[in-house]
1. Before we move on, is residue 61 on the phi > 0 side of the Ramachandran plot and at pLDDT 90 or above?
2. Out of (1) in contact (Cβ under 8 Å) with a residue 40 or more places away in the chain; (2) surrounded by 14 or more Cβ atoms within 10 Å (Cβ to Cβ); (3) in a helix (DSSP H, G or I), the odd one out for residue 195 is which?
3. Only one of (1) free of Cβ contacts under 8 Å to residues at least 24 places away in the same chain; (2) within 23 Å of the chain's Cα centre (by Cα) fails for residue 205. Which number is that?
4. Any idea which of 17, 75 is surrounded by fewer than 18 Cβ atoms within 10 Å (Cβ to Cβ), closer than 15 Å to residue 105 by Cα and within 15 Å of the chain's Cα centre (by Cα)?
5. Tally up the residues in the range 27-57 that are in contact with a helix residue (DSSP H, G or I) (Cβ under 6 Å, 6 or more places away or on another chain), assigned to a helix (DSSP H, G or I) and modelled with pLDDT under 75, please.
6. For the range 202-228, which residues satisfy the criterion of being modelled with pLDDT under 85 and surrounded by 14 or more Cβ atoms within 10 Å (Cβ to Cβ)?
């Protein structure tokens, strides 16, 4: 978990969107000033949508936000790939790109950014701080931060090369990983809403998959059982 959550967070593609937004928007036909303005808009959407996560993380739960954000990002990346692919093809020449067409692309990129900002953005840091027992929490958090920074650097370094070679397929590349990470969350990430850190070992012990790797401690199970989807412990 300390490795996969930050790994998946970077393979949503969010940082390359935020780092290279002016370059990307300029590539799809915006003038320089308009490209910078579009980058400012996506940044504002990122901040605003993060506030949604602050409100909803304890209301709807971590898994719901992860899965909803994953579906939202997947759909938006597929739509953006289709729009850019239909207009640019593989030669990268859009001809005269209508303004409304570019606006549609920016709109779906903003929806994609919003989906990340209330799911994998904040939760990619929150959940790793909650899921580890106290005995290994500091070491696991160190691994989490290191992996996050490593893949932030790696993805940022290869983005322009990937954009030149994959073109619109770059969005499909990231969409594939969004699909994989959403499946991973559904089956393997337990719900941590309202669960104290001291109780996390019990959550892992009652999970349908991870229980086979967790030591059976001395405290009673209290009739808790983890459903296969990993929604959280339930009384039986």
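The values are calculated or read from the model by the stated rules, or taken from the named source; none is laboratory data. These numbers were taken from a predicted model, which means no experiment stands behind them. When we count neighbours, we look across all protein chains shown, and the Cβ atoms used for this are built from the backbone with ideal geometry, even at glycine.
1. Against the criterion (on the phi > 0 side of the Ramachandran plot and at pLDDT 90 or above), residue 61 qualifies.
2. So the condition that residue 195 fails would be (3).
3. Failed condition: (2).
4. On the way: 17 fails: surrounded by fewer than 18 Cβ atoms within 10 Å (Cβ to Cβ).
Among 17, 75, only 75 is surrounded by fewer than 18 Cβ atoms within 10 Å (Cβ to Cβ), closer than 15 Å to residue 105 by Cα and within 15 Å of the chain's Cα centre (by Cα).
5. 1
6. Across the range 202-228, the qualifying residues are 214, 224, 226, 227.
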